[in-house]
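The values are calculated or read from the model by the stated rules, or taken from the named source; none is laboratory data. Not measured: the values here are computed from a predicted model. Positions of Cβ are backbone-derived with ideal geometry, glycine not excepted, and every protein chain shown enters the neighbour counts. Areas reflect the complete protein model, heavy atoms only, side chains present, ligands, DNA and RNA absent. Shrake-Rupley method; radii C 1.70, N 1.55, O 1.52, S 1.80 Å.
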Amino acid sequence: MATLPTLAVLTSGGDAPGMNPAVRAIVGVATSLGAQVVGVRRGYQGLIEGDGAVIGPRDVDGWNRRGGSILGSSRCAAFRTPEGRQTALRQLQTWGVGGLVVIGGNGSLTGAQLLEQLAAAEGVPLRVVGLPASIDNDLACTSLSIGVDTALNTIVEACDRILDTASSHARTFVVEVMGRDCGYLAMTAAVAAGADGVLFREAGLDEEEILSQLEQIIARAYDPSGGKHRVLVVKAEGVEISSQRLKSALDARLANANLPVETRVSVLGHVVRGGAPSATDRLIAGRLGHAAVRAVERGLSGVMCGWHVLQRPGAPTPPMFDLDPYVTFWPLDTVLRETERIVDGSSEITRWRVRLLREAAPFLSA
Ligand code: F6P
């Protein structure tokens, strides 16, 4: 007997390349198991407004190669209220939905947990499963979130291009990349692009320390004895000093130090979030989508599917199915608690990322 109820799927928060392949996989797997899927438009906002329709494999054909979220996404203030969540729950009941898959980041999974708790308190049979999707890679209990690989590739390609023009004009570039609360993209892009410096909030440097480090990097690079006469610094959005302010302060400092170097700033912004998903993102999204449907089928609820989480020897093994050794299932409260620690810098993962960067990338200054 089929144990898979009608599903609903929504994408929420900042869109991430790979959301569409995840939806496509959910629709494909659920349909093959005999269940229907309601595609909810515009995230929790659409859920509250009843904006959704049953979608089948034909509807999602080609979604694996499309960027953004075709279902649409939102940051929904109404869903943060108890009344908004009540309305959302009633809507799911109206559609006859017994399983909800939420694809999104920190805020979206917080919403998923609150909705799951509400359903449980009211005795509504609803299983809620989250999939991690955020280019920032700031979620715990998953080594990668959907969208990170594509965003990283976009940044590295942009840096390669900027290095061409930086070298031609012997200039110093500060390239700002997204990552409000987490420097992961800046750190990994700096390594992959062969940058000379990287700035991220977790390093905990004040403005004076940042400027002093940049001056040293620039002095070294432009030194006639074998310098390279160009500098690339990748800066995370989350660093408190704005890129324009940094440029002004740096220019003043370089003038003072008699280092006549031209500087430029390039803020990549939302360019980093768009574009067709990479092959890796398509594959991760597809496998997480498959796992989400299987999780609902097997009665799991209030969990997030994590991708390839390396376990410390001796640590308790999280639930996983025989079907995909790369996917483990984590209670949402664990995910959200640990994510908080990644964001505030107290997480072992954050400390490990910073330590590894310093030790394994000696060409980079942070
Ligand atoms: O999705 C996360 C993120 O890309 C952050 O890195 C960034 O600060 C934020 O979203 C931007 O959000 P919005 O698109 O709402 O301006």
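Can you name the number of the only condition in (1) crowded, with 16+ Cβ neighbours inside 10 Å; (2) over 28 Å from S278 (Cα atoms) that G96 fails? All conditions are met except number (1). Pairs meeting the criteria (first residue in the stretch 46-63 and under 15 Å from T6 (Cα atoms) and outside the structural domain of S12 (by TED's automatic domain parsing), second residue surrounded by 16 or more Cβ atoms within 10 Å (Cβ to Cβ) and hydroxyl-bearing (S, T, Y), beta carbons under 8 Å, at least 6 apart or on different chains) are lacking.
Taken as a whole, the condition of being without any contact (Cβ under 8 Å) to a residue 40 or more places away in the chain, open to solvent by 10 Å² or more (accessible area, probe 1.4 Å) and assigned to a loop (DSSP other than H, G, I, E, B) does not apply to G13. Answer with yes or no whether S108 is of a type in the set (S, T, Y), touching a helix residue (DSSP H, G or I) at 6+ places or on another chain (Cβ under 8 Å), open to solvent by less than 10 Å² (accessible area, probe 1.4 Å) and closer than 23 Å to S74 by Cβ. The answer is yes for S108. One residue stands out among those in the stretch 153-184 that are part of a helix (DSSP H, G or I) and touching a helix residue (DSSP H, G or I) at 6+ places or on another chain (Cβ under 6 Å): the one that is farthest from V303 (Cα to Cα), which is C159.
Residue selection: G84 fails the criterion of being over 22 Å from L4 (Cβ atoms) and surrounded by 23 or more Cβ atoms within 10 Å (Cβ to Cβ). Return the residues of the stretch 192-213 that are touching a strand residue (DSSP E or B) at 6+ places or on another chain (Cβ under 8 Å) and in a helix (DSSP H, G or I); say none if nothing qualifies. A193, R201, I210, Q213 - these are the residues of the stretch 192-213 that are touching a strand residue (DSSP E or B) at 6+ places or on another chain (Cβ under 8 Å) and in a helix (DSSP H, G or I). The single residue among G72, G28 that is of a type in the set (G, A, S), open to solvent by 20 Å² or more (accessible area, probe 1.4 Å) and touching a residue at least 12 places away in the same chain (Cβ under 8 Å) turns out to be G28. If the requirement is being among the acidic types (D, E), out of contact with any helix residue (DSSP H, G or I) (no Cβ under 8 Å at 6 or more places or on another chain) and open to solvent by 20 Å² or more (accessible area, probe 1.4 Å), which of these qualifies: E202, E215, E240, E208? Checking each option against the conditions leaves just E208.
So that you can scan it fast, the table gives a plain yes or no per residue for (1) within 26 Å of the chain's Cα centre (by Cα); (2) within 16 Å of the ligand (Cβ to nearest atom); (3) modelled with pLDDT of 95 or more:
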site	(1), (2), (3)
S225	no, no, no
K228	no, no, no
V234	yes, yes, yes
V239	yes, yes, yes
N256	no, no, yes
S266	yes, no, yes
V271	yes, yes, yes
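Inside the stretch 261-274, residues that are charged (D, E, K, R) and either closer than 22 Å to R65 by Cβ or outside any strand (DSSP E or B) (or both) make up a count of 2.
For the stretch 132-149, enumerate the residues that are away from the ligand (no atom under 12 Å from the Cβ) and either farther than 15 Å from S108 by Cα or not assigned by TED's automatic domain parsing to the domain that holds G302 (or both). Across the stretch 132-149, the qualifying residues are C141, T142, S143, L144, D149. Residue selection: L131 satisfies the criterion of being touching a strand residue (DSSP E or B) at 6+ places or on another chain (Cβ under 7 Å), of a type outside the set (K, R) and part of a strand (DSSP E or B).
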